[in-house]
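In what follows, a structure is listed as C-alpha cells, so that the remarks can point back to it.
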Amino acid sequence: MKDIDTTDLSWDEWDELKDPRSEENDFDAVVERALSRRGFLGGLLVMGSGAAAMGTGLLNTTAAQAMTPKSRFAFTPIPIQTDFTVHVPEGYTWDVLVKWGDPLFSGVAEFDHAAGGLDAENTAKAFGENTDGMELFLIGDKQVLVVNHEYANTKTNLHNHVDGKAGSAEDVLKLQNLQAIAVMEVAEDENGWSVVVDSPFNRRLTHNSPMQISGPAAGSDLLKTAADPTGTQSLGTFNNCGSGRTPWGTYLTCEENFNGYFGSTDPEFERPADFVRYGVNLEGRYGYEKFDERFDISKNPNEPHRAGWIVEIDPSDASSTPVKRTALGRFKHENAASVVAPDGRVVVYMGDDERGEFMYKYVSNGVYVPGGDTSTLLDDGQLYVAKFSDDGTGMWVALTPEATGMSAEEILVYSRMAGSAVGATTMDRPEWIAVNPVAVEGYCCLTNNRNRGVKPNAGGDDTSVNGPNPREKNNYGQIVRWYPEADDHTSDAFTWDLYVMAGNPTVHGDDAYGGSANVNEGNLFNSPDGMQFDSAGLVWIQTDGNDKNEGDFAGMGNNQMLVGDPVTGQIERFLTGPKGSEVTGLTWSADRRTMFVGIQHPGGFFPGKEGDLPRSAIVAVKREDGGLVG
Ligand code: FEO
Ligand code: CA
Ligand code: CA
Ligand code: CA
C-alpha cells in the first residue's frame, strides 16, 4: 500500500483504498452466487425470447446481423489507435474548439506550461480542467455551450504539489477554480469554431460559487451549517461529471465523486454510517480540509450533505443562481436523462456510479407545459429505484417513508440507504443513461465492476451476479436497455435486455467474456461510459476503460467513441482519443453539422507540441462535405 502513488488512482480506486471492504467468502454466499449464475443462463433465454417478440432484443439482434442489414452509418469504421492524437473516419475532420486554460474573458494571462498553467485568479476566468458532460443551447441566434470540469490532475495542475495534494491555501483556490462549470458562447467562422471571449453569456462556476438548495430536503437540519443556518444556500458544485438538459432549455450538472473533497483535521473523528456508505473519509483527495475549514468534516459535518446533487443552471442568464434539486436524490450522480411522458409529466433517469450501486428515476407531479412555469417541476415529484428480475422484467420501486422506514428528507439525503432498504438491484457502476428519441426505451452504460460476485457494496448489499449484471469480476462492461410498460416512461413496470455486452472474442471465444454477438474483432471496446442519442435515433457510445491494448484488452486500443444502431445492434468505431485519455461529453451545433466531443485527461502533449502539458480539450468534428453529423 505504501508505494501507491495516489495521484494516479481513479476516483473509485481511491475510495477503495481509503475504505477497504473485506471479500465476501462465506459458504452461503458462494452457493447463492452459483445459483444466480445458473439463473442467469436461464434468464438470458427467457429474456431473449421475450425481447425477440418486441422486435429489438438480443437474440433478434443476432438474427438481424446474420441478414447483414444495410448500415445506417455514413462513414467507414476506423481501426484502433495507440497514439497520442484524435482520429476520425475518412471524409471527416477534427479541430480543437477549446482547451484547458483558454480564456473566456479578455485579460487572462498566457498559459504557462512550466508553471502548471495559470494562477488561481486567472484560472477562474478560463476554460477549466478535465472537460466532461456538455450541452449546447441555442439562445436567440447565439450558441451557448455549457461544460462540466470534473476534477483536477494535481500532478499536472499543481507543479509544486506535495504528494499530489495542495500545499497552500493558494493551491486549494487554484484547484477549486479549475473545476465545476464553464458557460461560453461559441461561434464558427471561416477559421472554424472558437469561444466568443467576453460574451455576456460567458461564466465560470467554481467550488465557491453561490448555489440555492431547493426541494423537499432544503432547510432540513441535515443540510444546515454554521455558515448557513437556513440549509438553503451552499457554495460550489463538485465533481461535475455527466450532464443533462431539461425540456425547458436549462442545463443539469451532476455531482459525482463529491466525497473526495472532504477530510478531517481531527484523526479521531468518528464517521457516521452515511459517510461510510458515501465514501466520505478522514483523508481528502486534494487536501482542501487543511486550508479551507468548510471541507473539514470534524468542524462542518453537514457540509458533505450539500454535495452529491443534480444542479440546474440557466444558460441564458449569467447572473442566475444555480439550484441544487434535492428531489432528485443524493448519490454519485453520473448524468440526468430527461424525457416528457405522454401525460406531460417529466421523467429523469439517473445512475449512481459506484460498484454495486443503483439506478434511479424521478417523476414530476406537475406536467410540463411549453412556455409555462417550470420552476417546481424538479422540486415536487417521486424518486424511484430500479429492481431488475432475472426473467427480463423489472420494477421502479418508489422510495417512500412507508417503503424505506426513513423520513422524506432522509430518503433524499441518504438515497443509497433508501435504495438498500427496498432491495434495489446492485449494478455494475451505472454511468450515462440515454433515452431514445424515436422509440420508448432507455439505455444505461454499466461500465465495469471488478467486485461483482466478489464483495458487497459499501452498504453490505449482496453483489452476486444478477440478470443485467451477469459476469463475475466484470472487466468489460455492458449496456442494459429497458422498455417501459405501455410505452410510458412513468410506468412502474418495464422489460429489459442487454443491448451489448462488451468483451473480447479473440481472447475468450464465445464464453460470456467474449461479449455479445454484436461485438467482433472490428469494434472491440471496453468500459462504455458516455452515451447520447442523435436525432436519427443512433446511439453514440464513449469509453473510459483500460487502454493498455494487451491481455484481456488486446485489440481495443485507446479509448474511443462508437455508434450503435438500436434496431440492428450494429456497432462501429467512429473516433479514437489520444492514449491516456477518456472520451467523454458529446453535443451538437444547432445546425447538426458539427459534433463536439470531449477529450479528458489526455496523455502525451495533446493537443500541443512536444514539451507542452497535456490539456483536456473539446474537439469539433465535421464532415468535409459539410453534411449533417447527427
Ligand atoms: Fe465521472 Fe462515472 O464518470
Ligand atoms: Ca463518466
Ligand atoms: Ca468511467
Ligand atoms: Ca473521468
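The values are calculated or read from the model by the stated rules, or taken from the named source; none is laboratory data. As the structure is a computational prediction, the values presented were derived from the model and not from experiment. A quick note on method: Cβ atoms are made from the backbone with ideal geometry, for glycine too, and the neighbour counts reach across all protein chains shown. All accessible areas refer to the heavy atoms of the entire protein, side chains included, with ligands and DNA or RNA removed. Shrake-Rupley method; radii C 1.70, N 1.55, O 1.52, S 1.80 Å.
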V108 passes all but one of (1) at pLDDT 95 or above; (2) of a type outside the set (D, E, K, R); (3) within 28 Å of the chain's Cα centre (by Cα); which number fails?
(3)
For K290, indicate whether it is more than 25 Å from the chain's Cα centre (by Cα) and charged (D, E, K, R).
yes
So in region 226-276, with the set limited to residues that are within 16 Å of ligand 2 (Cβ to nearest atom) and of a type in the set (F, W, Y), which one is nearest to S209 (Cα to Cα)?
F238
Does T131 satisfy the condition of being away from ligand 2 (no atom under 16 Å from the Cβ), surrounded by 23 or more Cβ atoms within 10 Å (Cβ to Cβ) and β-branched (V, I, T)?
no
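Being at pLDDT 95 or above, closer than 24 Å to Q532 by Cβ and either open to solvent by less than 10 Å² (accessible area, probe 1.4 Å) or among the aliphatic types (A, V, I, L, M) (or both) is true for just one of P304, P315. Which residue is that?
On the way: P304 fails: closer than 24 Å to Q532 by Cβ.
So the residue among P304, P315 that is at pLDDT 95 or above, closer than 24 Å to Q532 by Cβ and either open to solvent by less than 10 Å² (accessible area, probe 1.4 Å) or among the aliphatic types (A, V, I, L, M) (or both) is P315.
Check F262, F295, F269 and return the single one that is more than 16 Å from ligand 1 (Cβ to nearest atom), farther than 26 Å from G133 by Cβ, among the aromatic types (F, W, Y) and in contact (Cβ under 8 Å) with a residue 24 or more places away in the chain.
Numbers: F262 fails: farther than 26 Å from G133 by Cβ; F295 fails: farther than 26 Å from G133 by Cβ.
Matching residue, one of F262, F295, F269: F269.
When you scan region 101-217 for strands (runs of 3 or more DSSP E) that lie fully inside it, which ones turn up with 2 or more residues that are under 22 Å from V311 (Cβ atoms)? Walk me through how you get there before you give the answer.
Details: elements: 131-139, 142-149, 180-189, 192-195, 203-205, 210-214.
In region 101-217, the matching strands (runs of 3 or more DSSP E) lie at 131-139, 142-149, 180-189, 203-205, 210-214.
Yes or no, residue by residue, for (1) part of a strand (DSSP E or B); (2) open to solvent by 40 Å² or more (accessible area, probe 1.4 Å); (3) more than 20 Å from Q532 (Cβ to Cβ):
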{"site": "E334", "(1), (2), (3)": "yes, no, no"}
{"site": "P342", "(1), (2), (3)": "no, yes, yes"}
{"site": "G351", "(1), (2), (3)": "yes, no, no"}
{"site": "K361", "(1), (2), (3)": "yes, no, no"}
{"site": "G366", "(1), (2), (3)": "yes, no, yes"}
{"site": "T374", "(1), (2), (3)": "no, no, yes"}
{"site": "V385", "(1), (2), (3)": "yes, no, yes"}
Condition broken by S320, with the remaining ones in (1) part of a strand (DSSP E or B); (2) out of contact with any helix residue (DSSP H, G or I) (no Cβ under 6 Å at 6 or more places or on another chain) satisfied:
(1)
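Among the listed residues G279, G329, which satisfies the condition of being surrounded by 18 or more Cβ atoms within 10 Å (Cβ to Cβ), on the phi > 0 side of the Ramachandran plot and touching a Ser or Thr at 6+ places or on another chain (Cβ under 6 Å)?
Values: G279 fails: touching a Ser or Thr at 6+ places or on another chain (Cβ under 6 Å).
Going through G279, G329 in turn, the sole match is G329.
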T232, sole failed condition from (1) open to solvent by 30 Å² or more (accessible area, probe 1.4 Å); (2) closer than 30 Å to N436 by Cβ; (3) polar (S, T, N, Q)
(2)
